[in-house]
């Protein structure tokens, strides 16, 4: 195992035979084939995407990890790719398909995509940064919304509210659709909006049938160099990229408990943590009970959505 300092944090990366580490993000580590036979076996350029158990909050990667988090994110993404029926980047996810045994269950071999510099976000409910903008201007990403909406209000129809990708340690910035047009051109911008809203609409219906509200989600797309097709990449519809709420306890007008790292955020901003969010100091290590409850919440989201038991 080697340690690479990337974006202000130390990412521990595995030495995987046949693969070379090239990048670490907040959660995922990327590897490319070091052996030409891997490319030949798969028939195209590819990348090994390994989901770690790292967790981030408030633009910091924490020193504590959440056991099994990377496995849950990977398995849930794979399940959603099966449900959505859209072109996606996954080539293989098992040892038989070429995934190294050391990372089986938390890794996918994927098509190498030329990624668009846009976070594609669909919102069906008003909350988070969208709510903050709405309170000031009655808009979200300059899209006008009606008066009288509150935290958690369901929108009449889902809206496309993109953001600009930020470097590790920086915060994504909401942008207008016109800014997406400037970045990728009108035809691609229209297609990104169409795909994002179609994915959200289908996923929202599936989740609702399982007692979960999909409030919003972030997806990413790139171009498959071999085919020229706009392709869904990265993770999809996980607690790290989406807001999931329990439909049974949903109540507009207040913050909704979510199936994600809310326990982590709540503890970090509590007096108990002793951490000043406004300072440059890194967040402290998480207590064992916060780690355990956060893991349980991720497992619960996986099991409710898929109907499978997480082993």
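Data overview
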item	result
The range 2-112: relative contact order as a whole-number percent, Cα under 8 Å and 6+ apart	22
Structure-based [θ]222 nm, the chain - -39500 (n - 2.57) summed over DSSP H runs of at least 4, per residue, nearest 500	-9000 deg cm²/dmol
When the convex hull of its Cα atoms is projected in every direction, mean area for the range 180-311 (nm²)	12.1
Gaussian network model of the chain, springs between alpha carbon atoms under 10 Å - residue of 206, 109, 143 with greatest fluctuation	143
Cα gyration tensor shape of the range 14-112, rounded if a/c is under 1.5, else prolate or oblate by comparing a/b with b/c	oblate
Calculated FRET efficiency for the pair residue 190/residue 299, C-beta based, R₀ 45 Å, to 0.05	0.75
Candidates 216, 151, 182: whichever shows maximal mean-square fluctuation once the chain is modelled as a Gaussian network with Cα springs under 10 Å	182
Rel. contact order, % - alpha carbon contacts under 8 angstrom, at least six apart, the chain	17
GNM result for the chain, Cα springs below 10 Å: residue of 140, 27, 181 fluctuating most strongly	181
Theoretical FRET efficiency, 1/(1+(r/R0)^6), r = Cβ-Cβ of residue 44 and residue 248, R0 35 Å, to 0.05	0.20
Relative contact order of the range 234-310, pairs being alpha-carbon contacts under 8 Å that are 6 or more residues apart, as %	27
Inter-centroid distance (Cα atoms) of the range 61-111 relative to the range 286-309, Å	17
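Bear in mind these aren't lab numbers, they're just calculated from the coordinates by the rules spelled out. Not measured: the values here are computed from a predicted model. No Cβ is skipped: glycine too gets one built from the backbone with ideal geometry, and neighbour counts run over all protein chains shown.
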